[in-house]
Amino acid sequence: MAVVSEPSNLENGHDSDEKPQLTVQDTNGYIADASADNRGNLKTAKDGHTVLIPQPSDDPNDPLNWGTVKKHVVLLTVSLAASLPDFGSAVGAVTLLPQAAQWNMSPDTVNHSQAGNVFMLGVGGIATVILSAWAGRLPVLFWFVVMATATAAWCAAATTFESFMAARILNGFFATVAQAGGMMFIFDMFFFHERARKINIWVAFVILSPYLGPLIAAFIISTEPWPVAFWVYFAICAIALISTALFVSETYYDRRIPIADQPPPASRIAQVVGIAQYRTRHQRTTITEALKRSALTITRPTMILCCLYAMLTFAWVIGINTTLSVFLTPLYGFGFRQIGFFYFAPIVAAILGEIVGHWLHDAIAGWYIKKHDGHFEPEVRLMAVFFSTPFMVAGLVGLGFALEEGYHYMVTAVCWGLYVFGIMITTVGLNAYNLDCYPNASGEVAAWLNMSRVGAGFIISYFQITWAQVQGTKISFGIQGAIVAASFLIILVVLIYGKRIRQKAGPLKFSTV
């Protein structure tokens, strides 16, 4: 193992009044694996050689020291909340036609509510991480889910389009809280060697949700009025809200503060509603600093490149999901039930992507660490994109041919599934890479990636159908596949030059993590 340098970053894990310790990072990247002779005073996992990053404190209240069950209950609750925005957005997409009929409006006009909802998913994400840095993770999650639940009920109860549109826009803003901020909870509770698998679980909920929404909604509106689908969405929001209130604890913990000076444990109600966090606000980021955190994060060149890549690859997920029923209905004569069944294809693909990704990301990391004397570079996370890109490209191109040539609907389903499978693997790798690069900006990097994918999807949904009608699906989806293939060059640039670019740009220096 290389000689370990003195600590120069937020990952060293020692209090300011202690003697300097060996750091978990040096010029060769993270020190993720070390033998007994070389690890010095670095804490390791139970296997005796996997270095714990970040180094936990000796405080039992440190989220890194929580029990496995508690950590995973919080993770699953946050992941459930992360499924709300895309689930609700997709329910709106499926119910456009009955809404248009009820209000005597064109589907294109009613679609304005859908577009407004999708756009606010990105804006709400940025607001989430800014407020979380200032007010704490848990109260922002709780109050945003409260508002998401209330606006979901408003969507279901709306009797005019204007009322429905207002509810949809507000719901998009608040429902995105765990989708944009989920990585903060993962960073707070889990060590470096665990994060890829936990991100994989969180992303699985995010990727599955826009397909579960239409599947359920399509079956409902085949026999029931469209508001029933939104009442189901309201029920899921309510479950997420109750689970948050009962099971999620505040995960923010500043390990640079000596244990004796840490705030005492607060009551559950005080934690959930934010009273405890308000009392200790002097130990966290000010609102001005919170705004600067988000602004500084997006100035990092590798972050910009990754956001651009997310826009070019993930936009088609939203575009396809919001318009595919328009293609399926005339081509195969599908009704609501058949469309609902068709959504099993991406659901199965996303589940397979979660299963494969659970092992793939760790296998890549383990291989690199073994080959490089226990060291790990963040750019290694992006090697998973080598595996996922062929699936995305083949899926988009195949989907274009299947729709234009009228292939059997099973071929169309498989092609759609290939693309979703690839997106699942890609999304985990992209999020894990940026978290490893800037661990003290876990929320900010997730929020900007979320904004990039949602913003691009918002734009694509406006012309996806027109584009296919003018040029045909072979050309339109073929171009989309070509864009995904070409965007892989961005990944190559980051793989080759990412470390030098990061070093030249410098680290993100915040007053708090």
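Selection over region 357-382 of residues that are out of contact with any Phe, Trp or Tyr (no Cβ under 8 Å at 6 or more places or on another chain), touching a residue at least 12 places away in the same chain (Cβ under 8 Å) and hydrophobic (A, V, I, L, M, F, W, C) gives a count of 1. The C-beta contact set for region 190-216 (first residue charged (D, E, K, R), second residue not in a helix (DSSP H, G or I), distance under 8 angstrom, 6+ apart or interchain) comprises LYS198/PHE190. Checking the stated criteria, ALA204 turns out to be part of a helix (DSSP H, G or I) and surrounded by 22 or more Cβ atoms within 10 Å (Cβ to Cβ).
Checked against the criteria, ALA218 counts as surrounded by 15 or more Cβ atoms within 10 Å (Cβ to Cβ), aliphatic (A, V, I, L, M), farther than 23 Å from ASN65 by Cβ and in contact with a Gly (Cβ under 7 Å, 6 or more places away or on another chain).
Set side by side, the residues ALA235, ALA270, ALA229 differ, and just one is in contact with a helix residue (DSSP H, G or I) (Cβ under 7 Å, 6 or more places away or on another chain) and either closer than 24 Å to LEU75 by Cβ or part of a loop (DSSP other than H, G, I, E, B) (or both), which is ALA270. The set of residues in region 223-267 being basic (Lys, Arg) and within 27 Å of the chain's Cα centre (by Cα) consists of ARG255 alone. There is at least one residue in region 165-180 that is in contact with a Ser or Thr (Cβ under 9 Å, 6 or more places away or on another chain) and of a type in the set (Ser, Thr, Tyr). Filtering LEU291, LEU246 for residues that are in contact with a helix residue (DSSP H, G or I) (Cβ under 7 Å, 6 or more places away or on another chain), assigned to a helix (DSSP H, G or I) and either under 17 Å from ALA180 (Cα atoms) or modelled with pLDDT of 95 or more (or both) leaves a single hit, LEU291. Residues that are without any contact (Cβ under 8 Å) to a residue 24 or more places away in the chain and part of a loop (DSSP other than H, G, I, E, B) within region 300-333 comprise just one, GLY333. May I ask you to verify whether GLY92 is over 20 Å from the mean Cα position of the chain (by Cα), among the small types (Gly, Ala, Ser) and under 25 Å from ALA235 (Cβ atoms)? Considered against the rule, which asks whether it is over 20 Å from the mean Cα position of the chain (by Cα), among the small types (Gly, Ala, Ser) and under 25 Å from ALA235 (Cβ atoms), GLY92 comes out as yes. Just to be sure before I move on: is ASP108 surrounded by fewer than 23 Cβ atoms within 10 Å (Cβ to Cβ) and either over 17 Å from LEU324 (Cα atoms) or not polar (S, T, N, Q) (or both) in the structure I sent? Yes, satisfied. Looking at ILE169, ILE220, just one residue is free of Cβ contacts under 8 Å to residues at least 24 places away in the same chain, in the same structural domain as GLY422 (by TED's automatic domain parsing) and part of a helix (DSSP H, G or I), and that residue is ILE220. Filtering region 132-155 to residues that are more than 17 Å from ALA270 (Cα to Cα), surrounded by fewer than 21 Cβ atoms within 10 Å (Cβ to Cβ) and in contact with a helix residue (DSSP H, G or I) (Cβ under 6 Å, 6 or more places away or on another chain) leaves MET147, ALA153, TRP154. Taking region 414-425 as the range and being out of contact with any Phe, Trp or Tyr (no Cβ under 8 Å at 6 or more places or on another chain) and crowded, with 24+ Cβ neighbours inside 10 Å as the test, the residues that pass are TRP416, MET424.
Across region 473-513, which residue is surrounded by the fewest Cβ atoms within 10 Å (Cβ to Cβ) among those that are part of a helix (DSSP H, G or I) and among the hydroxyl-bearing types (Ser, Thr, Tyr)? By that ranking, first place goes to TYR497. Applying a threshold of 9 Å to beta carbon distances and a minimum spacing of six or more residues, or different chains, the list of pairs starting in region 124-138 at a residue that is under 14 Å from ALA446 (Cα atoms) and not assigned by TED's automatic domain parsing to the domain that holds ALA276 and ending at one that is in a helix (DSSP H, G or I) and not β-branched (Val, Ile, Thr) is empty. For GLY67, the conditions (1) crowded, with 16+ Cβ neighbours inside 10 Å; (2) at pLDDT 60 or above; (3) closer than 24 Å to MET183 by Cβ; (4) among the small types (Gly, Ala, Ser) all hold with the exception of (1). In this structure, ASP47 does satisfy being at pLDDT below 85, over 22 Å from PRO264 (Cα atoms), part of a loop (DSSP other than H, G, I, E, B) and of a type outside the set (Gly, Ala, Ser).
The values are calculated or read from the model by the stated rules, or taken from the named source; none is laboratory data. These figures come from a predicted structure and were not determined experimentally. Every residue, glycine among them, receives a Cβ derived from its backbone with ideal geometry; neighbour counts consider all protein chains shown.
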